[in-house]
Amino acid sequence: MSLFQSMFGIGSLAAQDAPGASAPVGETESVRRIAARLGALPPERARFVAAFAYLLARAARADLVISDLEAAEMARLISETGDIDPETGALVVSLAASRVEGYGATDDYLVTREFKAISTPEQRSHLIRCCLLVAAADADIDAQESWLVNRIAEELDVPRADLNRIRDEFTDRIAGLAEVRRLRAEAGSPVAPAAAPTTAAPEAAAVPKPAPELPEGVRIEQVFLAEVPYTPEAPRLRPALRPQHLARLLRLRLQGRIIEAGGTADFEKAVLLVRAASEAEVLEMIADDVYTSGGVWHSPRVVGYGRVVPAD
């Protein structure tokens, strides 16, 4: 029995499943579709491998692209986990990537919840390590990839101490980690005094010199635009968390760190304009919100944003 078989309990799953069982089962359509391509495996084992593959693809596509190197690493991990041949592993990667691309907005949270229900704490921790292995396959782990792996760990209830231990293996590959730690050390506390915040207006990034083509009296403030989708569970979970969430947003706005924040009328996503020194800092701010830990927000996207303001 391989290390992966032992760690993921594949042998015991196989022993529990009756020969000739019916088609693989799963709570979500994505898991069912992927598991259906693993018909040679016992149903519950196929379900486990399918959810595992989907979550690897979710982590790999944090930057909207799954590279060839990431796909190869996914195929290796899936083949070892499911004890399947490389050709089938590659097929599962392709299907999982397609499901994440086409249905991630609705299935990301649901598949993660399903994996949590059918896995042990050890299996969940190992999945997080595999997600980081995939993210690190072709380059450094960027801020978006790092944040998304953290988010998956939170959804799986991986203890923070375990997550930190796993991330320590990848410290030299996680871009911006040292910078985020420096900013936190300078801030001293997530609730800073109402005076000008540490990261409100970095000279080089947030207040660039006016470009020659700008008319007199106009400058462009470089900030960040964050779009944070609501989870399918948001309508049920949001009311109890809303007072704490809004109080924090107001506090950050009074500090000057948040310029604007609100939700779209169709209840699809929240939109924030944030002053920060880096994209990583914005992702950390979102990760620390009760809406994220409480299952209302997931999978944020952060981009630089040029804000037209009067020149000083």
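In this calculation the C-beta distance from Thr120 to Leu273 is compared with R0 = 30 Å, giving a FRET efficiency of 0.10.
Under the combined filter of DSSP loop state and at most 12 neighbouring Cβ atoms within 10 Å, region 235-303 retains these chymotrypsin sites (Phe, Trp or Tyr not before Pro): Phe267. Amide H contacts under 5 Å for Glu260: Leu273, restricted to partners 5 or more places along the chain or on a different chain, H placed in the peptide plane at 1.01 Å from N.
A cut-off of 5 Å between modelled amide H atoms, ignoring neighbours fewer than 5 places along the same chain, links Arg307 with Glu221, Gln222, Val223.
For Ala276, the residues whose amide H sits under 5 Å from its own are Phe224, ignoring neighbours fewer than 5 places away on the same chain, with H placed 1.01 Å from N.
Convex hull volume per residue, computed on the Cα atoms of region 25-171, equals 92 Å³. Each principal axis of the Cα cloud of region 223-312 was taken in turn, and the coordinate range along them, longest first, works out to 45, 25, 22 Å. Report the normalised scattering of region 84-180 as log10 I(q)/I(0) at q = 0.10, 0.20, 0.23 Å⁻¹, calculated by the Debye formula with identical scatterers on the alpha carbons. Ignoring solvent entirely, the Cα scatterers give -0.29, -1.14, -1.34.
Read-outs throughout are calculated quantities, based only on the coordinates presented, and are distinct from any laboratory measurement. In this text, all values refer to a predicted model and were calculated from it rather than measured experimentally. Note that we place each Cβ from the backbone using ideal geometry, even for glycine, and neighbour counts take in every protein chain shown.
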